[in-house]
1. Tell me the residue from Gln55, Gln41, Gln46, Gln35 that is more than 21 Å from the chain's Cα centre (by Cα), assigned to a helix (DSSP H, G or I) and of a type in the set (S, T, N, Q), please.
2. Which of (1) surrounded by 15 or more Cβ atoms within 10 Å (Cβ to Cβ); (2) in contact with a Leu (Cβ under 8 Å, 6 or more places away or on another chain) is the odd one out, the single condition Gln151 does not satisfy?
3. Can you pull out the residues in segment 412-464 that are small (Gly, Ala, Ser) and crowded, with 16+ Cβ neighbours inside 10 Å?
4. Out of Glu567, Glu589, Glu575, report the one residue that is in the same structural domain as Asp513 (by TED's automatic domain parsing) and in contact (Cβ under 8 Å) with a residue 24 or more places away in the chain.
5. All but one of (1) surrounded by fewer than 14 Cβ atoms within 10 Å (Cβ to Cβ); (2) at pLDDT below 90; (3) not hydroxyl-bearing (Ser, Thr, Tyr) hold for Ala158, so report the exception by its number.
6. Just checking, which of Ala233, Ala272 is over 17 Å from Gln46 (Cβ atoms) and hydrophobic (A, V, I, L, M, F, W, C)?
7. Out of the strands (runs of 3 or more DSSP E) lying entirely within segment 424-518, which hold 3 or more residues that are in contact with a Ser or Thr (Cβ under 9 Å, 6 or more places away or on another chain) and within 30 Å of Val388 (Cα to Cα)?
8. Inside segment 114-148, can you point out the residues that are β-branched (Val, Ile, Thr), surrounded by 19 or more Cβ atoms within 10 Å (Cβ to Cβ) and in a strand (DSSP E or B)?
Amino acid sequence: MQKTFIKYTFFIMTAAILLILSINFVFTFHSLKAQQFTTFQTKIEQVIHTLENNQTEVELLKESLDEDYLTRAKAAAYVLDRQKEVSMDVSEMQYLANLLNVDELHVIDENGFIVFASVPKYVGIDMDAHEQTRAFLALLESEDEDAYLIQDAQPNAAEGKVMQYVGVARKSQKGVVQVGFEPKRQLEAQSRNTYEYIFSKFPTDVGEELFAVDCTTKEIIGHSGDINQDFTADYYQLSQLEDCAEGSYKKGKNGKFMYVVSRRYEDVLICAALPSDIIFSKLITNAMNALLYLLFIEAAVIALLNYLVKQKVINGIHGIIDKLSLITDGNFDTKVEVGGNREFEELSSGINIMVKSIVNITDRISSIIEMSGISLAAFEYQKEIKHVFVTTGLMELLGISNEMAVQLYSNSSLFDVYIRKIMENAVEGEKDIYQINDSKYIRMHMSVFSDGYLGVITDATKDMMEKKQMQYENTHDYLTGLYKYPYFKQLAAETLKETSSGQVCAVVMLDLDYFKSINDTFGHDAGDKYLQSFSSVMKSMPQSHFLTARRSGDEFCMMIFNCRNREEVVRFMDEFYDALKKNRIELSETESRTISASGGFAWTENTDISVYELMNQADEALYEVKRSTKGIYAEYAAE
């Protein structure tokens, strides 16, 4: 009887395994295809997100530089309007241009001619003679004494050199002061916003390709390998790619098929492709793994059934039911030990082994998860059961000790309290992400039912750390670690708005003296070291009173807040300049210097004032210092 039972059990389970394997094969095929589609969609979305972020960066950079250039143009006009009796020859114009850190400086008279210039051959140019220069003549006709014009970067009329010019109307007499800049940073930022550049930096899996097709010219404009390749295969042709939005197989090189997903973005079709044989290779691997697992389970089940069939149940069934009732209530430590005869003792032993196998099923699931290579853990909580079923990886993902794990797993109520406490630490703006500690995050999905819940936990630390790093890079200057200027303005405006009545805030504008000569004499590496040393002094100031940022190049700014009065602001300024004097930097093996910086600050106890007005006032104080002397700071004094 036992052999017959085992034989039929073997036939039934083998047939079930074949059926499960067939279903699993079909399901896995569609699952792998869907998974690959999702992966490609995610990567394409990341490419688009990178393009949009880069475009935003270009726009923010232009806005920041335009504001900075306008400030310099106004400063030049301010200086020139106060030197009416001085004949500004080329050397004096070049000196003023260097002082203001601009590449070109021109003065245009009321007739539209350049009468003074830092570039000798520009003197005498008629602004009406070329479309590029003619635009600035509108400032001569304007009745607004604050009129200005910020021109986009373009080839200039004199040499065809790409420049960006900013002009402001003079106040003391009719005329225009014009400054010019070489737009190196804008051009560099634009060069990083191309498909070819983004694809070259984008990680791809083995055999995977990312490329973009211009929908107008039908040409490949970017490829993850190299743009200089043979793109004659079908899956590179626009007519073949337009129907791949939901994923499709297209003929590739050497007759092999490629799985392709495309998405249109503006006038470009962004595509991702993978050889179909890689997908089928994964399919075969998954099928073989599933077959091995099923055969193992079949062997285990047949062995267990063979053992149970051997047992004889004669009497004492009620005693066994009582013990099983305790086990059902979650008391898995209960032992079935009913004596009386050998057959019943064997049955009791079999039941005890079966209960132990059920308790340890989570260990087998944990082994399967570990073999899959996925950092994942699962648990099941039921109100009426004292024991909590968990996989072995849970302890590591939650960062708990062995002692605490034993305590939580054996007490479902305590486990429920712990899980709910974790859910109180949800990360704002993230779905199903919770913080365990400063360096650990998890993603937890819950399936709740009437008497408990199921949970699956994966490690989200890497994703969150990368996101925090991206946030840091978006708001901090890469060289100095200080805030970027746009983010500083946002924080400064918020700080000023939140300042309590009776407190004082101040904005400080700083400019390193002789920085260009340091770069020219000792090289840009020494210049970078000079900037970093200056920034370290800024960062050494108490954070409870200082916001620090790099404005651009050798220009920096600070906000001093939470001060009781103006005298406390001055004390902080003195402490900062004392720290600068004590900070000596080695520029070469034979040369060391203390950092010289000119500064200007403006303070207020009126929270209704705009932070931009404070910045402008601080700039005026700074330029007064730069005009008269260097290496000190001055307070803004309203005329």
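1. Gln35
2. Gln151 satisfies all of (1) surrounded by 15 or more Cβ atoms within 10 Å (Cβ to Cβ); (2) in contact with a Leu (Cβ under 8 Å, 6 or more places away or on another chain) except (2).
3. Ser412, Gly452, Gly455, Ala460
4. Glu575
5. Tallying (1) surrounded by fewer than 14 Cβ atoms within 10 Å (Cβ to Cβ); (2) at pLDDT below 90; (3) not hydroxyl-bearing (Ser, Thr, Tyr), Ala158 fails exactly one: (1).
6. Ala233
7. 440-449, 452-459
8. Ile114 - this is the single residue of segment 114-148 that is β-branched (Val, Ile, Thr), surrounded by 19 or more Cβ atoms within 10 Å (Cβ to Cβ) and in a strand (DSSP E or B).
The values are calculated or read from the model by the stated rules, or taken from the named source; none is laboratory data. Please read all numbers here as calculations on a predicted model, not as lab measurements. Here the Cβ is made from the backbone with ideal geometry for all residues, glycine too, and neighbour counts use every protein chain on show.
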